[in-house]
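Before any comments, here is the structure.
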Protein chains: 2
Amino acid sequence: MSRSAPLGRGTKVRTAVLAATIDELSERGYAAFTIDNVAQRTGVHKTTVYRRWPDREALIAEALADSVATDIPIPDTGSVDDDLRALARSLVTWANSASGRAVLAVMVSTAAGLPAPPNSARHVFRDRIRQTLPVVTRAIARGEIPDATDPAEMIKTLVAPIYFRVLITGEPVDDNTADAAATLALTAARAHLFAHD
Amino acid sequence: MSRSAPLGRGTKVRTAVLAATIDELSERGYAAFTIDNVAQRTGVHKTTVYRRWPDREALIAEALADSVATDIPIPDTGSVDDDLRALARSLVTWANSASGRAVLAVMVSTAAGLPAPPNSARHVFRDRIRQTLPVVTRAIARGEIPDATDPAEMIKTLVAPIYFRVLITGEPVDDNTADAAATLALTAARAHLFAHD
């Protein structure tokens, strides 16, 4: 390449390509997704995209992880009640957004028997649950919930009612849904339902 | 038709066609589903199928409803704890079966952005939740849970963790998953989390 690459150009390209990946998934779905379309949409040469992401699975996995990490930040307010409410509320906001819908579509496409990234979407999801566990371990350290609480079980109980409504019943989800999910997870933790064996 | 139709033939045809519908969904998925394939598989003339089910949406909706009603019966043991455990356990068994997977795939295909029966699968699901509400209203009448318990919220809290694992995290579900879900729903009900406004 003869053009000089100014500082930060790599980051800008990455951001643009990942955003275009979500947009493509949102508009065309997983089955019709191609790296060529993403390159065209971004105005970046496709060899630039392929250099960083060898195939569409790698690109989609990184775009999903990036969407979740950006839109559902991990709170640290000093109170488990506030942390869980914040987490559930940002999950609800994300699930109601176009990019959230696109990510969810890829996540469930394995279940729908589609040609799908068999594990990458689930890995994204499991990684994010893992990254969220400090919300629970900090609460244990502060004495807000029982010592023996299993962090992953608590986080899954928080998010399950929201995913269930979005994906299965198709009911709308809002801040009330989020707050009810937080109360459910806290009540269960304090009743020792997530105790390790 | 020149052949005489013995008593019960209609029921047998219905059962065979609905079973073949689930098998076709299971093996080929929703997108490739046709009434002609179902007729061929059942050995019934396709006009016989079309006479009863005018289009594939009607046929699929009835097959889904029938699968759920047969495989997830509504218990009435006289104890809400036992009823909820039985309900959750049969949901788990069904979700682990080939027909359960096929039904779930159709249920989430709307979320996956597929050409899908936009409402019929959700209607099946909502109808089944409605049919399950007596489990909760009987428990209220027996004084096992608070009077103000919202039956639908309680049933959704029971089933959400199971659907979440099957569809999102891809974790295995078993009787322990079912029993934990029942305990969660009961604990929440007794803590007045499902109180009407």
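The values are calculated or read from the model by the stated rules, or taken from the named source; none is laboratory data. The shown structure was predicted, so the numbers you read here are calculated from the model rather than taken from an experiment. Because the Cβ atoms are built from the backbone with ideal geometry, glycine has one as well, and the counts that use them run over all protein chains shown. Accessible surface areas use protein heavy atoms only, side chains included; no ligands, DNA or RNA. Shrake-Rupley method; radii C 1.70, N 1.55, O 1.52, S 1.80 Å.
To the nearest 10 degrees, how steeply does helix B:151-164 sit against the main Cα axis of chain B, on a 0 to 90 scale?
In chain B, helix B:151-164 runs at an angle near 70 degrees to the longest axis.
Once both labels are modelled 7 Å past Cα along the beta-carbon direction, what's the A:Asn176-A:Ser97 spacing in nm?
Here the answer is 2.4 nm between the modelled labels.
What 222 nm value per residue comes from the helices of chain B, counting each DSSP H run with n ≥ 4 as -39,500 (n - 2.57) and dividing by all residues, nearest 500 deg cm²/dmol? Please report the intermediate quantities before stating the final value.
Working: 10 runs with 130 residues, N = 197.
My calculation for chain B gives -21000 deg cm²/dmol from helical runs alone.
Please give the helix A:175-190 orientation as an angle from the longest Cα principal axis of chain A, in degrees from 0 to 90, rounded to the nearest 10.
50
Between segment B:123-140 and segment A:17-44, what is the separation of their alpha carbon centroids in Å?
Measuring centre to centre over Cα atoms gives 42 Å.
Can you pull the Kirkwood radius for segment A:9-64, inverse mean 1/r over Cα pairs, to one decimal in Å? Kindly include the intermediate steps, with their values, before the conclusion.
Numbers: mean 1/r = 0.0924 Å⁻¹.
With all distinct Cα pairs of segment A:9-64 included, I get 10.8 Å.
Please calculate the 1.4 Å probe accessible area of A:Arg101, with all protein chains present, and give it to the nearest 10 Å².
Probe radius 1.4 Å; accessible area of A:Arg101 about 110 Å².
Which whole-number percent gives the relative contact order of segment B:9-64, counting Cα pairs below 8 Å spaced six or more residues apart?
Numbers: 36 pairs, mean separation 22.9, N = 56.
Reported relative contact order: 41 percent.
If all Cα-Cα distances of chain A are sorted into 10 Å bins from 0 onward, what percent lands in each bin, rounded to whole numbers?
In whole percents, the pair-distance histogram is 9, 32, 29, 19, 9, 2, 0.
Relative to the Cα centre, what is the charge dipole magnitude of segment B:9-64, using +1 at the beta carbon of each Lys and Arg, -1 at the beta carbon of each Asp and Glu, and rounding to the nearest 20 debye? Each step should come with its number before you reach the end.
On the way: 9 positive and 7 negative charges, 68 e Å.
I would put it at about 320 debye.
Determine the sum of side-chain charges near B:Leu104: Lys and Arg each +1, Asp and Glu each -1, restricted to other residues whose C-beta is under 14 angstrom from that of B:Leu104. Mind dumping the intermediate values first?
Details: positive: B:Arg101, B:Arg122, B:Arg128, B:Arg165; negative: B:Asp71.
Net charge in that neighbourhood comes out at +3.
How long are the semi-axes of the ellipsoid equivalent to the protein assembly as shown, from square roots of 5 times the Cα gyration tensor eigenvalues, in whole Å, largest first? Write down the numbers at each step before the final one.
On the way: eigenvalues 287, 223, 42 Å².
Equivalent ellipsoid semi-axes, largest first: 38, 33, 14 Å.
Going toward the positive end of the dipole of chain B, with +1 on Lys and Arg Cβ and -1 on Asp and Glu Cβ, which of B:Ala20, B:Ala95, B:Thr42 do you reach last?
Result: B:Thr42, furthest along the dipole toward the positive end.
Just grab the label-to-label distance for A:Asp82 and B:Arg52, each label 7 Å out from Cα along the Cβ direction, in nm (one decimal).
If labels sit at A:Asp82 and B:Arg52, their model points lie 6.1 nm apart.
Kindly compute the accessible surface that chains B and A hide from a 1.4 Å probe when together, both sides summed, and give it to the nearest 100 Å². Mind dumping the intermediate values first?
On the way: alone 10360 and 10360 Å², together 18030 Å².
Summing both chains' loss of accessible area gives about 2700 Å².
Relative contact order for segment A:61-197: what percent, with Cα pairs under 8 Å and sequence separation of 6 or more? Don't skip to the answer; put the middle values down first.
Working: 145 pairs, mean separation 40.9, N = 137.
Averaging sequence separation for qualifying contacts and normalising by length gives 30 percent for segment A:61-197.
Let me know the charge dipole size of chain B about its Cα centre in debye, to the nearest 20, where only the beta-carbon of Lys, Arg (+1) and Asp, Glu (-1) is charged.
Values: 22 positive and 23 negative charges, 192 e Å.
Charge dipole, chain B, about its Cα centre: 920 debye, nearest 20.
With a 1.4 Å probe and all protein chains kept in place, how much accessible area does B:Lys156 have, in Å² rounded to the nearest 10?
About 20 Å², rounded to the nearest 10.
How tilted is helix B:9-28 with respect to the longest principal axis of chain B? Cα atoms for both, answer in degrees (0 to 90, nearest 10).
Computed tilt is about 80 degrees.
Can you give me the C-alpha center-to-center distance between segment A:179-197 and segment B:69-97, rounded to a whole angstrom?
Between the Cα centre of segment A:179-197 and that of segment B:69-97, the gap is 23 Å.
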